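Worksheet: the structure to be examined is printed underneath.
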There are 2 protein chains.
Amino acid sequence: MFAARNAALNILLFLSALFILFLLSSMSNLTLELLAPVVALAGLAYSLVFWNAVKRSGDGTPAMQKVAKAISTGARAFVKRQYRTIAILSLVVGVGMILVYGLTASDGMGWTHGFEVGGAFLLGCLLSGLAGIVSMVVATKANLKTAAVSKDGLNASLQMALRGGTVSAIVITSMSLLGISGLYLMYRIGFGMDVGEIPRLIVGYGFGASFVALFAQLGGGIYTKAADVGADLVGKIEAGIPEDDPRNPAVIADLVGDNVGDCAGRGADLFESISAENVGAMILGVALVPYFGIKGILFPLVLRAIGLVAAIIGVYTVKAKPGEAPMKAMIRGFWVTAILTTIALFATSYYMLNAASPIGEGPTWGWFAAAGLVGVLTSVAFVYITDYYTGSQHRPVRAIAQASTTGHATNIISGTAIGMESTGLTVMTVCIALFSSYWLGEQTGLPTGGLYGTAVATMGMLAVVGYVLAMDMFGPITDNAGGIVEMSKAPEEMRRVTDELDAAGNTTKALTKGYAVGSAALAAFLLFSAYLEEAKFTVVDLADVKVFVGAFFGAMVVFFFTSLTIRAVGKAAGVIVEEVRRQFRDNKGLMDGTSEPDYAACVDIATKSALREMIMPGIVAVAAPILVGVVLGKEAVAGLLMVGTIVGVILAAYLNNSGGAWDNAKKYIEMGAHGGKRSPAHQAAVTGDTVGDPFKDTAGPSLHVLIKLFSTLTLALAALFM
Amino acid sequence: MFAARNAALNILLFLSALFILFLLSSMSNLTLELLAPVVALAGLAYSLVFWNAVKRSGDGTPAMQKVAKAISTGARAFVKRQYRTIAILSLVVGVGMILVYGLTASDGMGWTHGFEVGGAFLLGCLLSGLAGIVSMVVATKANLKTAAVSKDGLNASLQMALRGGTVSAIVITSMSLLGISGLYLMYRIGFGMDVGEIPRLIVGYGFGASFVALFAQLGGGIYTKAADVGADLVGKIEAGIPEDDPRNPAVIADLVGDNVGDCAGRGADLFESISAENVGAMILGVALVPYFGIKGILFPLVLRAIGLVAAIIGVYTVKAKPGEAPMKAMIRGFWVTAILTTIALFATSYYMLNAASPIGEGPTWGWFAAAGLVGVLTSVAFVYITDYYTGSQHRPVRAIAQASTTGHATNIISGTAIGMESTGLTVMTVCIALFSSYWLGEQTGLPTGGLYGTAVATMGMLAVVGYVLAMDMFGPITDNAGGIVEMSKAPEEMRRVTDELDAAGNTTKALTKGYAVGSAALAAFLLFSAYLEEAKFTVVDLADVKVFVGAFFGAMVVFFFTSLTIRAVGKAAGVIVEEVRRQFRDNKGLMDGTSEPDYAACVDIATKSALREMIMPGIVAVAAPILVGVVLGKEAVAGLLMVGTIVGVILAAYLNNSGGAWDNAKKYIEMGAHGGKRSPAHQAAVTGDTVGDPFKDTAGPSLHVLIKLFSTLTLALAALFM
């Protein structure tokens, strides 16, 4: 049923494009307002098509099912406990917001405003939590199906894993869209409010999404790497057994980690990206109401809805030809999505952002569409930059592998240098995108046109988010499938399939991180501007000592937060190491396979310690901007926000890319370079890989969330800093 | 002759204080103008007292002299070649500046202005170069004397090393002061210029100092760590011989490195700090001429002159009581200097910054003196923060040592987390100092009073620079003395003395780095403000896309530059490793000690590769602000400058503190913890130490220079960006 033919695809593509054009040209405002929620609901319904396909597939051998069951039980137990904690934290913050607004406002509207912002916050929390839970549930089902179908060859497995990822991708994207457009409709039609007022009532939604994403990513990220490091330290190094060996008591915890860290965490992360960017762009759209009417406000929602359709089409085109690398097939799907998105971008701009330029430089839509194209190209650029810095066929990974031959220290030094170097292209790309989209927007001659240009670029970059999310979720699903195949002692040819997919999964995970950093950086400028709109000032003067101190403090908080997340992994891993050692010591039959390890005990301990360790960095992240805002005022918060974002983007790029490069340098040596497995170079490369684990899977992704949390928090609490 | 008694000291202190007060109260403007150059010249003369004492001391055994001779020859050869390269680069830039100013100015004053700025640039280059060369010459003499006198016990050696350091400290401080005050006198009396015009004519001087410091620190820093890493990789790991073993062909290069990296490099670094801060403060002083006359401009010079006297007194008080740790005696001297400086600060403020506040809040001097005290306290705070993060008696180093027991990777992860954590206290201290000194300055009610408050705080912090420099130079001198004692196979009790001093030297080196970062951060705000004065604008609006892009770019350049310096060490070390391997292979008698290694070949190769590798990061550092300035304009440069500085300070603190903590975690294990030497924990700790080497001795110190280069370069070239 997955075998969508190219011809069929082309027709589908053509028809959808025509349909969209037709729909847009004839539509009233109400049609436009209803488009996003309708597409979102349709998307949710359509995700069931993929879900059913996944569910109907075979379950493999009983041995496989047993492993999958253990993973799924562990993941559910963690996510249940984690989201209970997050729910309590969210309620405290939500109610706190309502109270603070209610008690401090002087205009008599405090309680109303409090319920609007606080209510939107809680809705954002709820939907983000749901998105995370769905991602985890889907992944813990798709992993087994992918493992089982690997007996049918690479393409079947590839499609199964990607379709599993697509379920989550659609759900996340649709849910975010539904929340925002639902709130919009409620205020607009339910309460009959002025359209220009609405965006600022739903800023709480973005904050709620960020808040849940922060703890989801922190808890999941700490869990996954603590389990990984803990399993490796005792298993590989002390007991000398291979990775994913069923004798290792922490091996299930390690596999659970992929689901709760990569799936639930990244799902919440990108849910938040979309939400924050939509809210920010809608706020900026208000300034353009005199030119575009409410179309300027609805544009981000409509474009996102069409992007969702493009992503689904993109997924259908992925089919590995015999002998083709899975990555190549997936990149082809990405290109299809990017091209469809670009077409949609120009069509939507034409119909929604079309006004005569007040300075006579022609109609405005072309400039904005070009700015959007800059965003699409930026997403492509990030795919290639990440590939260059973390792919084993290029200089950086080769250099680290070479440096491993002279020992552990030179491996680390080399990886550090490569990671820092990678910030160069990353930042250059963002700077060029920002500057050129601003310039393009300015050519429209509209007031705040430049700013809206960067907003459209961000929308362009995030328009492909559905496909990127599907690729990202693909990673942990195949990683798990590999573990299931390995632990169930399945035949060699199945392992070869899952190994190849797993390698591709590592790449897609790295690509998504690059994309997430890039989009966060691009979105940042638009979110700053939205904050300035909200807080009613226009200049953030770094030469003002308060702003400078706020900026300095913000940059520091990024480093300090990173330190906390890295230490959290270390602490949680330490607890797991002790438990694994205890089991090896007390359970004498473990090493020779005569008795089973107590997987559940490791899962339980990992859960407890990850949840304990996520609190401190979370509090620092939320408290820092509030502290600066209350003590030094709204301008200083802007300094914190902007410079914190700059530093966060750079540090995240460093952490993600050095971690990815270390990982692949190890894999490159394992494939036979510099003496291969168990050579001294390999040992040094394992050290680098282990150092890179918390860098790329805990600290880096948590920084993406931190950056956006700064933006959404200051947006939602702007009133408090004034 | 060094045995200054406490009673004598107190009298000396009292008399100097009285003398200063008397002198100040009766002085005319001319007396004030002459004070700084006279004290500088007197300081240069007085440095001969210390120098003679060092020279007259005994030369030790012929074996010691032979080692010392080899070090001194190598150091001279490197410095000669290095400064030849730097001289050419300086001439190119200096002449380039004259040409650009001459050819681009539209007011007909281009050539005059060009010669003023370019000439001051070349003078700054010349004096900075001289300061670096003197530091190297003194250190390569004092190392032998310290080694020789170690037979007389700890105190004799301690005093010898510190006096050696003091010679350089006085020369550096005096030379900087002489250059600026000499230029001032030349313009003022020679050319009869208006006093308000003068500070902006000597901005080139600060740029010259930074320019030379950049290449001195880069070249020296790359040399010293390439030689260190190269010697360790082959010697310790491959050949299994201990550190400083005479059979290692790279051992002399390693010892040379201490002199050219730590002495010449750090000397140029702090020469530049003083120069930049003086010039910046003088520019801000111009705005206060209506209130203080030229006293507001001369204040920084006078305070620096008195601080020099205080530092000399401080050095005289250092005397280790029997059984006392050398560090304790040195910290006592630091406190004496700090207290004397504070007294001088209040006296000088009283006589030079005394005006009625225009808003009736009492006289102005008290507020400014309090701001200066904030600066002095900041320098004290940095000493304690650095000690906490890099001293083996505190949590951070202990945690790294503990993490070493689970392997190389956990050692690195733990050190990374500790280094990032250390940015917290560092930045908090700077923020509090900045904000409170600004607030204190504002209370004077003078226009730009707040700004001048931060300037006085910076002066207060840098007033103790003479003593800090002496402590810093103490480090490489004792390090070398230890090497000389070891290589000449001197008796065990002499080794014990130099080992203890060497440990103290590691601490003083770490403290100086903390101090250098802190003072750079504090000076930054004042240098920005001076740039805004020069470039004639007042607002640096981060919400302006050009400024934001400039800021983003600036933050990235800091990471990219760091990457280049770390890679440079790796590349240069690789070349040395090959040479050492070649000698071990070709020279069969090397390992059993029957034939001598070719030390000179290693020195020569290290020299060549360090000089080659210093060019690229140097060019990036100079080109980045010019590029941004020319393409995006003066506001964007301000963004680059400010955010680049923020990120540079934080990254430098991270690199310095993680490096120092790794170093001491290794030493802590070597003293017996976690299995002691040759345990698995020790091996992991050696990895951390090696990773930390380029962090703390190449990248970190180069970043201090980079930060200030950004400031002085933009100041000097402000006219080009307008």
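The values are calculated or read from the model by the stated rules, or taken from the named source; none is laboratory data. The model shown is predicted, which means the values in this text are computed figures rather than measured ones. Here the Cβ is made from the backbone with ideal geometry for all residues, glycine too, and neighbour counts use every protein chain on show.
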Exercise for the section: Check off (1) more than 14 Å from the chain's Cα centre (by Cα); (2) over 18 Å from residue B:281 (Cβ atoms); (3) surrounded by 24 or more Cβ atoms within 10 Å (Cβ to Cβ); (4) of a type in the set (Ser, Thr, Tyr) for residue B:512 and give me the number that stays unchecked. Expected result: (1)
Exercise for the section: Name every residue in the range A:230-241 that is at pLDDT 80 or above and in a loop (DSSP other than H, G, I, E, B), in order of residue number. Expected result: A:241
Practice task
Can you work out which of the residues in the range B:550-581 that are of a type in the set (A, V, I, L, M) and surrounded by fewer than 23 Cβ atoms within 10 Å (Cβ to Cβ) is nearest to the other protein chains (Cβ to nearest Cβ)?
Solution key: B:577
Problem - Condition check for residue A:490: more than 9 Å from chain B (Cβ to nearest Cβ), out of contact with any Gly (no Cβ under 6 Å at 6 or more places or on another chain), small (Gly, Ala, Ser) and not in a helix (DSSP H, G or I) - result: yes
Fill in the blank from the handout: The helices (runs of 4 or more DSSP H) lying wholly within the range B:261-371 that contain at least 1 residues that are surrounded by fewer than 19 Cβ atoms within 10 Å (Cβ to Cβ), among the aromatic types (Phe, Trp, Tyr) and under 25 Å from the mean Cα position of the chain (by Cα) are B:326-352
Handout entry: Any chance residue B:85 is within 23 Å of the chain's Cα centre (by Cα), surrounded by fewer than 21 Cβ atoms within 10 Å (Cβ to Cβ) and farther than 25 Å from residue B:470 by Cα
Key = yes
Exercise for the section: Would you check if there is a residue in the range B:535-557 being under 23 Å from the mean Cα position of the chain (by Cα) and over 26 Å from residue A:539 (Cα atoms)? Expected result: no
Problem - When residues of the range A:476-501 are limited to those that are surrounded by 22 or more Cβ atoms within 10 Å (Cβ to Cβ) and of a type in the set (D, E, K, R), the one nearest to residue A:658 (Cα to Cα) - result: A:479
Fill in the blank from the handout: Considering residues that are surrounded by fewer than 16 Cβ atoms within 10 Å (Cβ to Cβ) and either of a type outside the set (S, T, N, Q) or under 30 Å from residue B:698 (Cα atoms) (or both), the number found within the range B:582-604 is 10
Problem - Exclusive hit being in contact with a Ser or Thr (Cβ under 7 Å, 6 or more places away or on another chain), over 19 Å from residue A:82 (Cβ atoms) and in contact (Cβ under 8 Å) with a residue 24 or more places away in the chain, set A:258, A:232, A:244 - result: A:232
Handout entry: Which listed residue is closer than 25 Å to residue A:422 by Cα and not basic (Lys, Arg), from A:359, A:339, A:385
Key = A:385
Exercise for the section: Take the residues in the range B:516-539 that are hydroxyl-bearing (Ser, Thr, Tyr) and within 11 Å of chain A (Cβ to nearest Cβ), then tell me which one is nearest to residue B:379 (Cα to Cα). Expected result: B:529
Exercise for the section: Answer with yes or no whether residue B:169 is farther than 12 Å from residue B:466 by Cα, part of a helix (DSSP H, G or I) and among the hydrophobic types (A, V, I, L, M, F, W, C). Expected result: no
Practice task
Tell me, please, whether a residue that is surrounded by fewer than 24 Cβ atoms within 10 Å (Cβ to Cβ), within 30 Å of residue A:436 (Cα to Cα) and aromatic (Phe, Trp, Tyr) can be found in the range B:534-541.
Solution key: yes
Handout entry: Those residues of the range A:236-250 which are surrounded by 16 or more Cβ atoms within 10 Å (Cβ to Cβ) and within 13 Å of another protein chain (Cβ to nearest Cβ), in sequence order
Key = A:236
Handout entry: Long-range neighbours under 7 Å by Cβ, at least six apart or interchain, first residue basic (Lys, Arg) within the range B:185-212, second surrounded by 24 or more Cβ atoms within 10 Å (Cβ to Cβ)
Key = B:200/B:283
Handout entry: Enumeration of residues in the range A:18-64 that are modelled with pLDDT of 80 or more and not in a helix (DSSP H, G or I)
Key = A:57, A:58, A:59, A:60, A:61
Exercise for the section: State whether the residues of the range B:378-400 include one that is free of Cβ contacts under 8 Å to residues at least 40 places away in the same chain and within 14 Å of another protein chain (Cβ to nearest Cβ). Expected result: yes
Practice task
Answer yes if at least one residue in the range A:415-434 is charged (D, E, K, R) and either farther than 16 Å from residue A:372 by Cβ or touching a residue at least 12 places away in the same chain (Cβ under 8 Å) (or both), and no otherwise.
Solution key: yes
Problem - Top-ranked residue in the range A:405-436 [being more than 8 Å from chain B (Cβ to nearest Cβ) and among the aliphatic types (A, V, I, L, M); ranked as farthest from the chain's Cα centre (by Cα)] - result: A:432
Fill in the blank from the handout: Reported set for the range B:99-125 where residues are among the hydrophobic types (A, V, I, L, M, F, W, C) and closer than 14 Å to residue B:202 by Cα is B:115, B:117, B:120, B:121, B:122, B:123, B:125
Exercise for the section: Among the residues of the range A:540-549, write down those that are more than 7 Å from chain B (Cβ to nearest Cβ) and not in a helix (DSSP H, G or I). Expected result: A:544
Exercise for the section: Given the conditions (1) in contact (Cβ under 8 Å) with a residue 24 or more places away in the chain; (2) within 14 Å of another protein chain (Cβ to nearest Cβ), report the number of the one that residue A:479 does not fulfil. Expected result: (2)
Completion exercise
When residue B:547 is run through (1) surrounded by fewer than 19 Cβ atoms within 10 Å (Cβ to Cβ); (2) within 30 Å of residue B:720 (Cβ to Cβ), the failure sits at (1)
Problem - Residue list for the range A:82-95, restricted to those being in contact with a helix residue (DSSP H, G or I) (Cβ under 8 Å, 6 or more places away or on another chain) and of a type outside the set (A, V, I, L, M) - result: A:82, A:83, A:85, A:90, A:94
Handout entry: Residues of the range A:345-395 classified as polar (S, T, N, Q) and more than 27 Å from residue A:666 (Cα to Cα), total
Key = 7
Exercise for the section: Could you tell me whether residue A:186 is under 26 Å from residue A:298 (Cβ atoms) and either part of a helix (DSSP H, G or I) or among the aromatic types (Phe, Trp, Tyr) (or both)? Expected result: yes
